[in-house]
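Participant: Before anything else, here's the structure in question.
The values are calculated or read from the model by the stated rules, or taken from the named source; none is laboratory data. These figures come from a predicted structure and were not determined experimentally. Here Cβ is always computed from backbone atoms with ideal geometry, including for glycine, and neighbour counts include all displayed protein chains.
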Amino acid sequence: MHEDARPEVGGSTARGGSIWALPATATVERAFDDAPNQDGMEILSMPGEHAEVPAAVDAWIDAASDSGAGPAFWMAFQGSRIRWSPSRCAILAPAERLETIRRAVIEVSGHDRTLRQVERALAAAWPELDTDAPLAFEFEERSVGRRDELRDRLKRVLHLRARLARIAPAVLAPPIYPPTLASQVADRLRERLRIVARHEAASIQADVFRDTYDMCGQRASDFMLARTGHRLEWMIIVLLAAQLLLWGFEYLATAGG
Amino acid sequence: MTTRLASIDLLRTIAIVTMVLVHFSENLAGYAPPLSGLGAPLFVFLSGTSYFLWSDGLVARDLSDDAIARVSVRRGLFLFGAGFAFNLFVWLPEDIFNWDVLTLIGSALVMLAFMRRVPREVLVLVAAVSLLVAPILRGMAGYAEYWENGYFESDLTLSDVLVGYLATGYFPLLPWITLSLAGYVTASWLFSRRTGGGGSGADPLRIAAIGMGLVAVSAALLLARPFLAGPVAAGMLGGWTMFPPTTEYVTGMLGVAMASLAFGHRFVDPIAASGRLAGAFGVARTFSQYSLTIYVVHHVVHLWPLWIYGLRETGEPTAHWMRAMPAGMALALGGGFLVACLLVLRTIGSRRSFGFEALMRWVCD
């Protein structure tokens, strides 16, 4: 995680072109720097009691929402305010609670990010699945050249399934009792982002992919094993045929004088 | 948009042009030009190549294996029968069982129809066994006894007919089937169509290297033959001859054919696809599309007048065979025939609705 004191102090919204400026107390940091493109996140932390959210913070969030990153929403807890969008999050809270809330937000946002990546990958893979599904039933000679392709897809699906499995303990964990501020923030955020339902749906989808490619792999493996045996049988047949040809030809040559 | 491969058209044109010139020269003047022995192996090799492309196209059109096999067998039997008719009417009835290239290609098509789904490695083994067994069969049959006068003669007995078909005729099944099978396997390496993928196959240069390797093996066998033991040198090898088709000859010509096809696919097909040299490729396409027709017609054109003239002058149709005219004149006639063929085919043949190819499609497909 990379922290930068106010790396972006102003800008314009996509809608109106109005200029906004972040308050001097705001700090912006980047989370998930390893994420490609839209999966990165900027977190704005602003200590203090805030009866109202500064317009500049709204504008800062909206600027990202307008650019297509996804809708934003507000949450309020015990004098703290959180405005969350997929690519930007503003946390306005008393200084002593700021870090706790920030950690909870980052954790749930990380799960959301993982889910979004998995959902995108699965959505893109459906057409491939339609093409590959027949190979789960029957593998034949002309499919041999596709084994590498199928292996890569199985590997990719297993990787996606593993990612879902890795976040499962956190996503599916029951609420902590007695609740803490961090657990409340995390639970509320998970609820708003439908993390549990999405995780379950993605898991079901990934299972379909995994089952299909698992069967493809099994069929391919069975075919290759049988193919090796068939080749050996054919070679024996050819050599026996050659032997028979020689015997028969000897008879013909003798008969012909 | 045409899906023809210019490399195959070009090679088949080389094969048919070579065969026409060699046949005119040999039959009219008794002279074997330096290119003798190039055309037929290339023609047979390309029959296997074309069969792969044709059957692969039918697979892509979702035709069942059973249907493909039936059409293939019909085509093979058509060519086999056409070979007998050709022998009967062109080489006259006494040579009906001389086993010409048409009967060979017909047999090869029937064989490939049944072996199409056999693993390629097995086809390679069959080709190799055919090549290695052929000299043994020739030795068992006494090949020289069938070729005492420089051409194939046999009694009309079942055993002699079968021996001629398998080992001693002009184009016996063994070892010539090697070339057809190799053409099929080479095409399956070069032009394999993978489900869901493009038409990518093996690297042509790798295939060309294998072809060059076979040429090198052939050259090594030719060089080593004087130093080898008698049974090997005289039995398994035999020098560079087409009649009989020795191991060195078939290996060398197989290498030439494989390398030519691979180099052609690598370097000629892209040129043709870019639209350059369209005229030259158009000529090659014409010769290639009508190669079977040209093969039959060129025999009729130069042999029937020879038989009729011999019959009228001496009462013996073959009286002037191989001594009718000087080699230069025979070659010129062969060239003239090719030019006339091209003009006629380009003028009336663009629809591909006549000729032996069209007849075969009409009967078999």
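Participant: Out of (1) over 28 Å from the mean Cα position of the chain (by Cα); (2) aromatic (F, W, Y); (3) over 30 Å from B:A134 (Cβ atoms), what's the single condition that is false for A:W234?
Facilitator: (3)
Participant: Does any residue of the range B:75-88 turn out to be surrounded by fewer than 19 Cβ atoms within 10 Å (Cβ to Cβ), over 20 Å from the mean Cα position of the chain (by Cα) and more than 13 Å from every other protein chain (Cβ to nearest Cβ)?
Facilitator: Scanning the range B:75-88, I find no residue that is surrounded by fewer than 19 Cβ atoms within 10 Å (Cβ to Cβ), over 20 Å from the mean Cα position of the chain (by Cα) and more than 13 Å from every other protein chain (Cβ to nearest Cβ), so the answer is no.
Participant: If B:V59 passes every condition in (1) under 17 Å from the mean Cα position of the chain (by Cα); (2) in a helix (DSSP H, G or I); (3) modelled with pLDDT under 90 but one, which one does it miss?
Facilitator: Checking B:V59 against (1) under 17 Å from the mean Cα position of the chain (by Cα); (2) in a helix (DSSP H, G or I); (3) modelled with pLDDT under 90, the one that fails is (1).
Participant: Is it the case that some residue within the range B:231-243 is touching a residue at least 24 places away in the same chain (Cβ under 8 Å), farther than 24 Å from B:I105 by Cα and in contact with a Phe, Trp or Tyr (Cβ under 9 Å, 6 or more places away or on another chain)?
Facilitator: The answer is yes; a qualifying residue exists.
Participant: Quick test of your reading of the structure: B:W321 fulfils all but one of (1) under 30 Å from B:Y51 (Cβ atoms); (2) surrounded by 14 or more Cβ atoms within 10 Å (Cβ to Cβ); (3) touching a residue at least 12 places away in the same chain (Cβ under 8 Å); (4) out of contact with any Leu (no Cβ under 6 Å at 6 or more places or on another chain). Name the failing condition by number.
Facilitator: In the conditions (1) under 30 Å from B:Y51 (Cβ atoms); (2) surrounded by 14 or more Cβ atoms within 10 Å (Cβ to Cβ); (3) touching a residue at least 12 places away in the same chain (Cβ under 8 Å); (4) out of contact with any Leu (no Cβ under 6 Å at 6 or more places or on another chain), B:W321 misses (1) alone.
Participant: Please go through the range A:85-127 and give me each residue that is closer than 30 Å to A:R219 by Cα and free of Cβ contacts under 8 Å to residues at least 24 places away in the same chain, ordered by number.
Facilitator: A:R120, A:A123, A:A124, A:W126, A:P127
Participant: Could you count how many residues in the range A:151-163 are within 14 Å of chain B (Cβ to nearest Cβ) and crowded, with 17+ Cβ neighbours inside 10 Å?
Facilitator: Keep residues of the range A:151-163 that are within 14 Å of chain B (Cβ to nearest Cβ), which gives A:152-153.
Of the ones still in play, those that are also crowded, with 17+ Cβ neighbours inside 10 Å are A:153.
So the answer is 1.
Participant: For the range B:20-35, name all the residues that are over 18 Å from B:I294 (Cβ atoms), touching a residue at least 60 places away in the same chain (Cβ under 8 Å) and of a type outside the set (A, V, I, L, M).
Facilitator: Result: B:G30, B:Y31.
Participant: Hey, another quick one. Checking A:T100 against (1) crowded, with 21+ Cβ neighbours inside 10 Å; (2) among the β-branched types (V, I, T); (3) farther than 18 Å from A:A59 by Cα, which single condition isn't satisfied?
Facilitator: Among (1) crowded, with 21+ Cβ neighbours inside 10 Å; (2) among the β-branched types (V, I, T); (3) farther than 18 Å from A:A59 by Cα, the lone unmet condition for A:T100 is (1).
Participant: Given the range B:65-164, what helices (runs of 4 or more DSSP H) lie entirely inside it while holding 1 or more residues that are farther than 27 Å from B:W54 by Cβ? Give the steps one after another, and end with the answer.
Facilitator: Details: elements: B:65-90, B:101-115, B:120-141, B:143-146, B:158-163.
Here the list reads B:65-90, B:120-141, B:143-146, B:158-163.
Participant: Related question: Conditions first: (1) more than 21 Å from B:F97 (Cα to Cα); (2) within 11 Å of chain A (Cβ to nearest Cβ). B:L162 passes all but one, so which condition is the exception?
Facilitator: (1)
Participant: If we keep just the residues of the range A:110-127 that are out of contact with any helix residue (DSSP H, G or I) (no Cβ under 7 Å at 6 or more places or on another chain) and farther than 30 Å from A:C89 by Cα, which is nearest to the other protein chains (Cβ to nearest Cβ)?
Facilitator: A:P127
Participant: Ok, one more. Among the residues of the range A:5-56, how many are assigned to a helix (DSSP H, G or I) and modelled with pLDDT of 60 or more?
Facilitator: Qualifying residue count, the range A:5-56: 3.
Participant: Scan (1) modelled with pLDDT under 95; (2) more than 10 Å from every other protein chain (Cβ to nearest Cβ); (3) surrounded by 17 or more Cβ atoms within 10 Å (Cβ to Cβ) for the single condition B:P93 breaks and write down its number.
Facilitator: (3)
Participant: Moving to a separate point now. For the range A:215-236, enumerate the residues that are surrounded by 15 or more Cβ atoms within 10 Å (Cβ to Cβ) and more than 8 Å from chain B (Cβ to nearest Cβ).
Facilitator: Within the range A:215-236, A:M215, A:C216, A:G217, A:R219, A:A220, A:F223 qualify.
Participant: Can you pull out every residue in the range A:67-84 that is in contact (Cβ under 8 Å) with a residue 24 or more places away in the chain and within 20 Å of A:A197 (Cβ to Cβ)?
Facilitator: A:F73, A:M75, A:W84
Participant: So which of A:D148, A:D207, A:D130 ends up being assigned to a helix (DSSP H, G or I), more than 14 Å from chain B (Cβ to nearest Cβ), without any contact (Cβ under 8 Å) to a residue 60 or more places away in the chain and out of contact with any Pro (no Cβ under 7 Å at 6 or more places or on another chain)?
Facilitator: That would be A:D207, the only listed residue that is assigned to a helix (DSSP H, G or I), more than 14 Å from chain B (Cβ to nearest Cβ), without any contact (Cβ under 8 Å) to a residue 60 or more places away in the chain and out of contact with any Pro (no Cβ under 7 Å at 6 or more places or on another chain).
Participant: Which pairs do you get when a residue that is at the interface with chain A (Cβ under 9 Å from one of its Cβ atoms) and at positive phi, found in the range B:138-157, comes within reach of a residue that is surrounded by 14 or more Cβ atoms within 10 Å (Cβ to Cβ) and assigned to a helix (DSSP H, G or I), reach meaning Cβ atoms under 8 angstrom, with the pair 6+ apart or on two chains?
Facilitator: Listed by first residue and then by second, the contacts come to B:G142/A:A253.
Participant: Mind checking which helices (runs of 4 or more DSSP H) fall wholly inside the range B:256-365 and carry at least 1 residues that are within 20 Å of the chain's Cα centre (by Cα)?
Facilitator: Here the list reads B:278-289, B:291-314, B:327-348, B:356-364.
Participant: Can you pull out every residue in the range B:116-130 that is more than 13 Å from B:T178 (Cβ to Cβ) and hydrophobic (A, V, I, L, M, F, W, C)?
Facilitator: Taking the range B:116-130 as the starting set, the residues that turn out to be more than 13 Å from B:T178 (Cβ to Cβ) are B:116-122.
B:V118, B:V122, listed by residue number.
Participant: Hey, can you tell me all the residues within the range B:107-132 that are more than 14 Å from A:W234 (Cα to Cα) and at the interface with chain A (Cβ under 9 Å from one of its Cβ atoms)?
Facilitator: B:S130, B:L132
Participant: Is it the case that A:A182 is more than 14 Å from chain B (Cβ to nearest Cβ), surrounded by 13 or more Cβ atoms within 10 Å (Cβ to Cβ), in contact (Cβ under 8 Å) with a residue 24 or more places away in the chain and in a helix (DSSP H, G or I)?
Facilitator: Against the criterion (more than 14 Å from chain B (Cβ to nearest Cβ), surrounded by 13 or more Cβ atoms within 10 Å (Cβ to Cβ), in contact (Cβ under 8 Å) with a residue 24 or more places away in the chain and in a helix (DSSP H, G or I)), A:A182 qualifies.
Participant: Limited to the range A:86-97, what total is found for residues that are crowded, with 22+ Cβ neighbours inside 10 Å and over 13 Å from A:A31 (Cα atoms)?
Facilitator: So the answer is 3.
Participant: Let me ask something else about it. Report yes if B:S50 is assigned to a helix (DSSP H, G or I), crowded, with 24+ Cβ neighbours inside 10 Å and among the hydroxyl-bearing types (S, T, Y), otherwise no.
Facilitator: In short, no.
Participant: If the requirement is being within 14 Å of another protein chain (Cβ to nearest Cβ) and either assigned to a helix (DSSP H, G or I) or surrounded by 16 or more Cβ atoms within 10 Å (Cβ to Cβ) (or both), which of these qualifies: A:L240, A:L189?
Facilitator: Details: A:L189 fails: within 14 Å of another protein chain (Cβ to nearest Cβ).
After applying the criteria, what remains is A:L240.
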